[in-house]
Structures are given as structure tokens and as C-alpha cells.
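Working notes for the structure below.
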Amino acid sequence: EVHIVESGGGLVQAGGSLRLSCSASGFSFADYGIGWFRQAPGKEREGISFISSIDSSAYYADAIKGRATISSDNARTTVTLQMNRLKPEDTAVYYCAVADLATMINAIMGENYDAIHHWGRGTLVTVST
């Protein structure tokens, strides 16, 4: 059974930083991506980052590029998203998801979240002014 758990959300002042963590297990993709999505109140889900199991190559959406770094452990099943210089518009529930790599690439870049079937429950990030 696929098990995905996010942690690290919380309340932070604008300009501050936090680190989100995703632990994923129970899947058997040869090549996979672990990605981060977020959904702000009243808005659609937004893909913001993923990392590849092949070589740890990373993708960042424009909304967070330059302010975030995604990384993984040696097993490439625990992923950290370090977010800096946070803005109020970063406020959202942040979801971790896993899929085969091709599916992750397609889904996160096109916000085609329906293509991804394994999600965590999310962790809330609130950025105050």
C-alpha cells in the first residue's frame, strides 16, 4: 500500500522560511518522481516542484523558482522542500505525490493532477503579513 506523509507546515511571517518533508513508501515504480503541489483557498491545485529518482533533477514552477530547493535522501523516497522568502500568496495546503516519472513530469508541468493517484493528505502553510 502506498503511504505518503507530509510534514513541516505551519505559520511563518512573510520573508521567513520553512522546510516541508515528504516520506513516501509502498510503491514500485522503476523510475519515479516525487512532487509538491499546493492549493490555496478558492483556487485550483498548482504543481510547484518535483524531483526525479534517476538523477535528482528538479523542476520548479515560476511561482517558487529561486525561493525553493527540493532535495531527497539517499534512497530517494524522502523529499524535502526548503522554502525561503515566503510571501502571503504562498499560503496553501501543500501536498506531496508520487508517480512514475513520465506521469509526474506531465502532471506537474500541466497541472494535470488527475493523472497522479498517490497523494498525501497535505500540510498547511500560512504566511502572515
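The values are calculated or read from the model by the stated rules, or taken from the named source; none is laboratory data. None of the values given here were measured: they were computed from a predicted structure. So basically every Cβ, Gly included, is an ideal-geometry build from the backbone, and we count neighbours across all protein chains shown. Calculation scope for accessible area: heavy atoms of the full protein, side chains included, ligands and nucleic acids excluded. Shrake-Rupley method; radii C 1.70, N 1.55, O 1.52, S 1.80 Å.
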*Residues with amide H under 5 Å of Glu111's amide H, sequence separation 5 or more or different chain, H placed in the peptide plane at 1.01 Å from N; which?*
Gly47
_Within the accessible area of the chain (1.4 Å probe), percent carbon and sulfur_ = 46 percent
*For the chain, what is the mean residue ellipticity at 222 nm derived from helices alone (per DSSP H run of n ≥ 4: -39500 (n - 2.57); sum divided by total residues; nearest 500 deg cm²/dmol)?*
-2500 deg cm²/dmol
*In degrees between 0 and 90, to the nearest 10, how far off the longest principal axis of the chain does helix 101-110 point, with axes built from Cα atoms?*
30 degrees
*Dipole-positive endmost among Leu18, Ile108, Ile51 within the chain (Cβ charges, Cα centre)*: Leu18
_Mean separation of Cα contacts under 8 Å (6+ apart) over length of the chain, as relative contact order %_ = 35 percent
*Would you mind working out the accessible area per residue for the chain, using a 1.4 Å probe, and quoting it in Å²?*
51 Å²
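Report for the chain the percent antiparallel among DSSP-assigned beta bridges with both residues inside it, nearest 5. Walk me through the numbers before you get to the answer.
Numbers: 38 of 42 bridges.
Roughly 90 percent of the beta bridges in the chain run antiparallel, per DSSP.
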*Highest first, please rank the peptides 97-104, 67-74, 12-19 by the mean number of other Cβ atoms sitting within 10 Å of their residues.*
97-104, 67-74, 12-19
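Report the net charge of residues surrounding Ser23, where surrounding means a beta-carbon distance below 12 angstrom and charges are Lys +1, Arg +1, Asp -1, Glu -1. Walk me through the numbers before you get to the answer.
Numbers: positive: Arg76; negative: Glu6, Asp73.
Within the 12 Å Cβ shell, the charges total -1.
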